[in-house]
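Novice: First, the structure itself, so that you have it in front of you.
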């Protein structure tokens, strides 16, 4: 920042000449390479001696030598250099995401209170409610990932459908109305469908009672609290086996996550985060509120935490592991407390088909292996490593 202009320009020229050598070395004759290195050494010495006349002269020599070394060489300008740096940064970031660390935003509440999903909180019963002033909204968003909505029907409207419109790390649900209009709510499909006014409108739709929203009715008034943004370690599972009790991410290829009890719109090869409760060779059984592994209550600290049904530091209780109710929604063999399953350790199809079991910590409200079965080795992405945001969720930092 405090360097004189002549010195900044000379150092930039040194850097540019070095890049020229790196990029064009295979096209340069050996004597040209030696000459450029010699001119750079002269310029370094002049800079060190703070001899302005020598710096000007050696700078001119460095430029001339580089320009004459290749027939059509032209030193890149400021814009070209910054575009190059920008694209290199993107390539590096994509490489890190593909092979080392991948960001993943938790859309649902299936891991609460260990990790948060997106939660919609309504204020429909508060007469005259409106969004807070801009400053509070900005602070709440930065610290808590909280965004406020005040969506009101401008005329009589009937819901005609809902669609998942999520994009990258952004969870979104689009709600369509009979006049051709639509609104977007920043939550996954299941959370949007659970908002009181929307759930009631959907019930009315099924009962052919209209209108679903009269003019002036709130469609959604309240706020959305962001799900935790976590980093997934994509490298570890290449060097070690997954460990029972850790939070892990896997894709949903060949896993039937849909159906009438679906708690998320993440189907068809996208991703889930759950608790790894069973590894290949384990026998799994649920005797509410306990999880039994190989004939005994599980002993891993994270699993015992869920079974304890005690409060987390923010006062939210763990639920224990649940036997799903019979005859409601999607059927589960775990409705019978005597049911157990043995996970495949040596499948005939090969190691890629070894089986793992995934349960949500929020067991009564989690669509997991109790419903759709095992996660295969080829589905594994990696353990959840770090919670990046929101900062005051209670989970910021390394994930346990």
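Novice: Would you check which residues across the range 1-47 are assigned to a loop (DSSP other than H, G, I, E, B) and surrounded by 14 or more Cβ atoms within 10 Å (Cβ to Cβ) and list them? So that I can check it myself, show each step before the final result.
Specialist: Keep residues of the range 1-47 that are assigned to a loop (DSSP other than H, G, I, E, B), which gives 1-4, 28-29.
Once the filter is applied, which keeps residues that are assigned to a loop (DSSP other than H, G, I, E, B) and surrounded by 14 or more Cβ atoms within 10 Å (Cβ to Cβ), the range 1-47 yields only 28.
Novice: State all residues of the range 317-341 that are closer than 20 Å to residue 245 by Cβ and out of contact with any helix residue (DSSP H, G or I) (no Cβ under 6 Å at 6 or more places or on another chain); if no residue qualifies, say none.
Specialist: 317, 340, 341
Novice: What are the residues in the range 136-162 that are assigned to a helix (DSSP H, G or I) and either crowded, with 18+ Cβ neighbours inside 10 Å or free of Cβ contacts under 8 Å to residues at least 24 places away in the same chain (or both), if any?
Specialist: 136, 137, 138, 139, 140, 141
Novice: If you don't mind, there's one more thing I want to ask. For the range 291-311, give me each residue that is touching a residue at least 24 places away in the same chain (Cβ under 8 Å), farther than 11 Å from residue 363 by Cβ and more than 27 Å from the chain's Cα centre (by Cα).
Specialist: 292, 293, 298
Residue-wise test of (1) modelled with pLDDT of 80 or more; (2) surrounded by fewer than 16 Cβ atoms within 10 Å (Cβ to Cβ).
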position	(1), (2)
180	yes, yes
188	yes, no
207	no, yes
216	yes, yes
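Novice: Would you tally the residues in the range 353-400 being assigned to a loop (DSSP other than H, G, I, E, B) and either touching a strand residue (DSSP E or B) at 6+ places or on another chain (Cβ under 9 Å) or modelled with pLDDT of 90 or more (or both)? Even if it seems obvious, please write down each step before you answer.
Specialist: Taking the range 353-400 as the starting set, the residues that turn out to be assigned to a loop (DSSP other than H, G, I, E, B) are 354, 360-362, 366-368, 373-374, 390-396, 399-400.
Then drop every residue that is not either touching a strand residue (DSSP E or B) at 6+ places or on another chain (Cβ under 9 Å) or modelled with pLDDT of 90 or more (or both), which leaves 354, 360-362, 366-368, 373-374, 390, 393, 395-396, 399-400.
So the answer is 15.
Novice: Here's another thing I want to ask about it. Of all residues in the range 163-185, which are within 20 Å of residue 217 (Cβ to Cβ) and either without any contact (Cβ under 8 Å) to a residue 12 or more places away in the chain or under 21 Å from the mean Cα position of the chain (by Cα) (or both)?
Specialist: So in the range 163-185, the residues within 20 Å of residue 217 (Cβ to Cβ) come out as 173-185.
173, 174, 180, 182, 184, 185, listed by residue number.
The values are calculated or read from the model by the stated rules, or taken from the named source; none is laboratory data. Keep in mind that what you see is a predicted model, and the values were worked out from it rather than measured. Every residue, glycine as well, gets a Cβ built from its backbone with ideal geometry; the counts of neighbours run over all protein chains shown.
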